[in-house]
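Colleague: Starting off with a structure, shown below.
The values are calculated or read from the model by the stated rules, or taken from the named source; none is laboratory data. Worth saying up front: this structure is predicted, and the values here are computed from it rather than measured. Virtual Cβ from ideal backbone geometry, glycine too; neighbours counted across all protein chains shown.
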Amino acid sequence: MTRWLLRHGRLATLAGDAGWGLLDDGALLVDDGCIAWVGPDAQRPGLDAEETDLQGALLTPGLVDAHTHLVYAGDRAAEFELRLQGASYEQIARAGGGIRSTVSATRAADEAALFDAAAARARALLREGVTTIEVKSGYGLDEATEARCLRVARRLGAELPITVRSTSLAAHALPPEYAGRADDYIDAACGWLAAQHAAGLVDAVDAFCDTIGFTPAQTERVFRAARALGLPVKLHAEQLSNQHGAALAARFGALSCDHLEHLDADGIAAMRAAGTVAVLLPGAFYFLRETRPPPVAGLRAAGVPMAVATDHNPGSSPCLSLLLMMNMACTLWRLTPEEAWRGATVHAARALGLADRGRLAAGQRADLVLWDATHPREIVARFGHNPCRRVWCAGVEVAP
Ligand code: DI6
Ligand code: FE
C-alpha cells in the first residue's frame, strides 16, 4: 500500500517560521512517498490506510547534512598528532601535507574502494537519522579523479536510500603539478566543469577562498564558470581569515557560505540581502582548536538562516555525527536547541536548494525519524548517544 498513517506520535513539525511545532498526540499520512496530511490524531482523515502506532515516541523530519567531503582515501591522524605538538593546520598544508596528502591517496584509489569507504560513512550518518547529504569532490584536483569522486557521490545516491547532492569543489587546493600557477589551475578547473555538468554529475559548485586556498579573484572566475552553466554556487568562506568571500558569493546568489568564523558585518548584510544560508561547522572549529567563533548573534539579528553540518573530512573534521554537531553548535556557539534543529533540517535543506524537505508538513517528502526521546531538545542536550530508533526515506522504512 502506498498510503499509510502514523498515529499517536509526538510530532516536532518545525512547520512554522519559529517554535517546535509540537503535536502531542499527532498523526501523519504518507501517500506515495510524500506527507499528505499532518495534524492531531483525533482529526486524522478517515481513509483506508495501513496504520502504525508510534506509542507516543518523538517523530521529526529526517536530518540533512549540508556539508560533507565524504569521498576520499587515506587517513590524516598523524597530522592530528603534529597539531597537538604545536604545528598549525596552515603550516602542515604549506609543507605539502593537509588536503594534498589526501589528494595523493585519493588519486591512487579506484572507484570501488572510494565508493565502499564513502558508503560506510554515509551509513553511519543514516544511523543517526540523516536522510539527505551533500557530498563534495575536491580531493582529486585533476579532471579524471574529480569526475571519479563525483561519480561515487552519484552512486551513493543511487545505491543507498538517502538523497545525495553533489558539489564540484575542484577549487579546494592547488595540486602540486600546478605549484606557482594557481591561475592556470583555475582555468583548467573551470574547463572541467562543463563536462562534469554534461555528465549530470554536479548540483552545485564550491571553492575554498582563503590564504591557503584561492583568492577572491580566482573564486570569482569559478563562480562565473558555474553561472555560465546555470549551476548554483556555495563557498568555504572566512574560515581561517577574512577574504570577504561571503560578500562575493552573495553577489552570485550563493545557496550558502560555510564556516564563517571571520565573517564581518558587511558579509552578514550581503548574505541577508541574497538569502544565503550560513552553514556553521563546529567540528572543524573544535578539531583545529580554533578560538574565534562565527558571529552567531549578528547572523541571528540579521535573520540569516543558520545551518549546522559535519564538514566530514579526514583533515579538519573527521566526524560522522550530525547530532554531536548540533550539541556543539549550542555549547560552543550558543545556538538554541531549536536553532540547532532547524539548522540540521529545514535550513540545511535550503542550503542545498531543496524546498521539499526539512519539515513535517503536507507536500514535503516523507523523510522521517522516530527517536527514543520525548522532546527534540533532549536529543541536542545529550551527546555521544544515538537515540535514533527508526528511519523512513521517501516513506520507505530503511535499515541503516
Ligand atoms: N575547509 C575545511 O575545513 C576542509 N576543506 C576546507 O576547505 C578541510 C579539508 C582537509 O583538511 O582535508
Ligand atoms: Fe568543508
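Residue-by-condition table, conditions (1) among the basic types (K, R); (2) buried (at least 24 other Cβ atoms within 10 Å of the Cβ); (3) within 15 Å of R154 (Cα to Cα):
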| site | (1), (2), (3) |
| --- | --- |
| G98 | no, no, no |
| R107 | yes, no, no |
| E111 | no, no, yes |
| D116 | no, no, yes |
| A119 | no, no, yes |
| A122 | no, yes, yes |
| V130 | no, yes, no |
| K136 | yes, yes, yes |
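Colleague: Let me ask something else. With surrounded by fewer than 23 Cβ atoms within 10 Å (Cβ to Cβ), at pLDDT 95 or above, within 16 Å of ligand 2 (Cβ to nearest atom) and over 15 Å from the mean Cα position of the chain (by Cα) as the only criterion, which of P314, P295 stands out?
Modeller: One residue alone meets the criteria, P314.
Colleague: I'd like to know if the stretch 184-203 contains one or more residues that are in a strand (DSSP E or B) and at pLDDT 95 or above.
Modeller: Checked against the condition, which is being in a strand (DSSP E or B) and at pLDDT 95 or above, the stretch 184-203 yields no hits at all.
Colleague: For a quick check of your reading of the model, give me the residue pairs whose first member lies in the stretch 371-398 and is without any contact (Cβ under 8 Å) to a residue 40 or more places away in the chain, whose second is surrounded by fewer than 19 Cβ atoms within 10 Å (Cβ to Cβ) and not aliphatic (A, V, I, L, M), with beta-carbon atoms closer than 6 Å and at least 6 apart or on different chains.
Modeller: From the stretch 371-398, the pairs are P387/D372.
Colleague: Further question: Can you tell me which residue among A118, A188, A153, A158 is touching a strand residue (DSSP E or B) at 6+ places or on another chain (Cβ under 7 Å) and not polar (S, T, N, Q)?
Modeller: Checking each option against the conditions leaves just A153.
Colleague: Any residue at all in the stretch 40-55 that is within 26 Å of A307 (Cβ to Cβ) and of a type outside the set (V, I, T)?
Modeller: No - not one qualifying residue is present in the stretch 40-55.
Colleague: Also, I was wondering about something else. Check the stretch 280-297 and report whether any residue there is within 18 Å of H244 (Cβ to Cβ) and within 12 Å of ligand 1 (Cβ to nearest atom).
Modeller: No - not one qualifying residue is present in the stretch 280-297.
Colleague: When the stretch 81-96 is examined, which residues are found to be closer than 19 Å to Q239 by Cα, touching a residue at least 60 places away in the same chain (Cβ under 8 Å) and exposed (fewer than 15 other Cβ atoms within 10 Å of the Cβ)?
Modeller: Correct list: R94 only.
Colleague: Follow-up question, since we're still on this one. Which ranges mark the helices (runs of 4 or more DSSP H) fully within the stretch 260-319 that have 1 or more residues being basic (K, R)?
Modeller: 265-274, 296-302
Colleague: Collect the residues in the stretch 317-357 that are under 13 Å from the mean Cα position of the chain (by Cα) and at positive phi, keeping them in residue-number order.
Modeller: G353
Colleague: Would you check which residues across the stretch 93-151 are within 16 Å of ligand 2 (Cβ to nearest atom), not aromatic (F, W, Y) and not in a helix (DSSP H, G or I) and list them?
Modeller: G98, I133, E134, V135, K136, S137, G138, G140, L141
Colleague: Looking for whichever is within 30 Å of H385 (Cβ to Cβ) and over 23 Å from the mean Cα position of the chain (by Cα) here; the options are L126, L160, L84. Which one fits?
Modeller: Among L126, L160, L84, only L84 is within 30 Å of H385 (Cβ to Cβ) and over 23 Å from the mean Cα position of the chain (by Cα).
Colleague: Cβ-Cβ below 8 Å, separation at least six or inter-chain, first residue in the stretch 298-325 and over 16 Å from A351 (Cβ atoms) and without any contact (Cβ under 8 Å) to a residue 40 or more places away in the chain, second of a type in the set (K, R) and within 16 Å of ligand 2 (Cβ to nearest atom): which pairs?
Modeller: Cβ pairs passing all conditions: none.
Colleague: From R127, R148, R94, R121, which residue is out of contact with any Lys or Arg (no Cβ under 7 Å at 6 or more places or on another chain), within 16 Å of ligand 1 (Cβ to nearest atom), at pLDDT 95 or above and not small (G, A, S)?
Modeller: Of the residues listed, the single one that is out of contact with any Lys or Arg (no Cβ under 7 Å at 6 or more places or on another chain), within 16 Å of ligand 1 (Cβ to nearest atom), at pLDDT 95 or above and not small (G, A, S) is R121.
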